[in-house]
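Structure first, commentary second.
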Amino acid sequence: MSDIATLYGGLIGKSKADFAHSGCPYISYRNVFDNMAADLSGKDRVLIGEGERQKAVRQGDLLFTGSSENREETAMSSVVVDEPSEVTYLNSFSIGARWSDSKLFDPRFTKHLFRSARMRAQLVRTSMGVTRFNVSKEALKKILVPIIPLSVQGEIADVLDDFDALVNDLSSGLPAEIAARRQQYEYYRDRLLTFPEKK
């Protein structure tokens, strides 16, 4: 990693009062943890004073959670797939990686790559602790990252994006389908089990 990327930290010098409903967008720990592609909707906001030297994220940046209570959940990754529409920062409990060559990786590919079992096995080993596990930047710099041609990355990303969309459509569509079938069952059950009253 250290041969092809520079690591950076998230927000520094911020108090709870700085995290408000106004200010600049930032990518929260939860956002990184929950999303392969960082959610850039800007719902999380932080006040940034004039002259503050904070590091903004860019398209293609790879983001990691910096700690966890569970070792298996450390260094979860997310990727800034699209160019942020406004200056966006990274939460202080996270770590960013910026490729030395922006044409080295397709962000759509890296979002899948760093969530794969092989990469997760390496990433989990970058954390140390007993009750709270923290990612070591020095260990993170040593992980091995496969580099394949961009055209192949694009093909892999297309397949995995399609599959991911299918799975997510199924998980949102199945409850609706189940509800419709339940309603259909109840309709026929009630019709079939309604007998005419004897006079």
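The values are calculated or read from the model by the stated rules, or taken from the named source; none is laboratory data. Only a predicted model underlies this, so the values are computations on that prediction, with no experimental measurement involved. Cβ placement follows ideal geometry from the backbone for every residue including glycine, while neighbour counts extend to all protein chains displayed. Ligands, DNA and RNA are excluded from the accessible area calculation, which covers all protein heavy atoms including side chains. Shrake-Rupley method; radii C 1.70, N 1.55, O 1.52, S 1.80 Å.
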Of the residues that make up segment 46-59, is at least one free of Cβ contacts under 8 Å to residues at least 40 places away in the same chain and in contact with an Asp or Glu (Cβ under 6 Å, 6 or more places away or on another chain)? yes
Restricting to segment 5-46, name every residue that is closer than 16 Å to Phe64 by Cβ and touching a Phe, Trp or Tyr at 6+ places or on another chain (Cβ under 6 Å). Ala5, Leu11, Tyr26, Tyr29
Anything in segment 124-149 that is part of a loop (DSSP other than H, G, I, E, B), closer than 23 Å to Gly9 by Cα and open to solvent by 30 Å² or more (accessible area, probe 1.4 Å)? List them, or say none. Arg125, Val130, Thr131, Arg132, Lys142, Leu144
In the set Lys103, Lys111, the lone residue that is farther than 18 Å from Asp39 by Cβ and either part of a strand (DSSP E or B) or touching a residue at least 24 places away in the same chain (Cβ under 8 Å) (or both) is Lys103
Given (1) open to solvent by less than 50 Å² (accessible area, probe 1.4 Å); (2) closer than 30 Å to Gly49 by Cβ; (3) among the aliphatic types (A, V, I, L, M), index of the condition Ala121 fails: (2)
Just checking, how many residues over segment 19-44 are open to solvent by 50 Å² or more (accessible area, probe 1.4 Å), among the small types (Gly, Ala, Ser) and touching a residue at least 24 places away in the same chain (Cβ under 8 Å)? 1
Per-region count, segment 1-14, residues open to solvent by 60 Å² or more (accessible area, probe 1.4 Å) and either farther than 30 Å from Lys103 by Cα or aromatic (Phe, Trp, Tyr) (or both): 1
For segment 108-138, which positions are closer than 15 Å to Glu72 by Cβ and of a type in the set (S, T, N, Q)? Ser116, Gln122, Thr126, Ser127, Thr131, Asn134
Collect the residues in segment 101-118 that are within 19 Å of Val81 (Cβ to Cβ) and surrounded by fewer than 17 Cβ atoms within 10 Å (Cβ to Cβ), keeping them in residue-number order. Asp101, Ser102, Lys103, Leu104, Arg115, Ser116
Anything in segment 4-18 that is free of Cβ contacts under 8 Å to residues at least 40 places away in the same chain and either of a type in the set (D, E, K, R) or within 18 Å of Val81 (Cα to Cα) (or both)? List them, or say none. Lys16, Asp18
Hey, can you tell me all the residues within segment 70-102 that are of a type in the set (Lys, Arg) and at pLDDT 95 or above? Arg98
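Based on what the data block shows, is Ala97 open to solvent by less than 60 Å² (accessible area, probe 1.4 Å), in contact with a strand residue (DSSP E or B) (Cβ under 7 Å, 6 or more places away or on another chain), assigned to a loop (DSSP other than H, G, I, E, B) and of a type in the set (Gly, Ala, Ser)? Spell out how you get there, then give the answer.
Values: open to solvent by less than 60 Å² (accessible area, probe 1.4 Å): yes; in contact with a strand residue (DSSP E or B) (Cβ under 7 Å, 6 or more places away or on another chain): yes; assigned to a loop (DSSP other than H, G, I, E, B): no; of a type in the set (Gly, Ala, Ser): yes.
Against the criterion (open to solvent by less than 60 Å² (accessible area, probe 1.4 Å), in contact with a strand residue (DSSP E or B) (Cβ under 7 Å, 6 or more places away or on another chain), assigned to a loop (DSSP other than H, G, I, E, B) and of a type in the set (Gly, Ala, Ser)), Ala97 does not qualify.
Scan Arg30, Arg58, Arg53 and give me the residue that is at pLDDT 95 or above and either more than 22 Å from Lys141 (Cα to Cα) or not in a loop (DSSP other than H, G, I, E, B) (or both).
On the way: Arg58 fails: either more than 22 Å from Lys141 (Cα to Cα) or not in a loop (DSSP other than H, G, I, E, B) (or both); Arg53 fails: at pLDDT 95 or above.
Of the residues listed, the single one that is at pLDDT 95 or above and either more than 22 Å from Lys141 (Cα to Cα) or not in a loop (DSSP other than H, G, I, E, B) (or both) is Arg30.
Looking at Val152, Val167 in this structure, which one is assigned to a helix (DSSP H, G or I), surrounded by fewer than 16 Cβ atoms within 10 Å (Cβ to Cβ) and at pLDDT 90 or above?
Numbers: Val167 fails: at pLDDT 90 or above.
Only one candidate qualifies: Val152.
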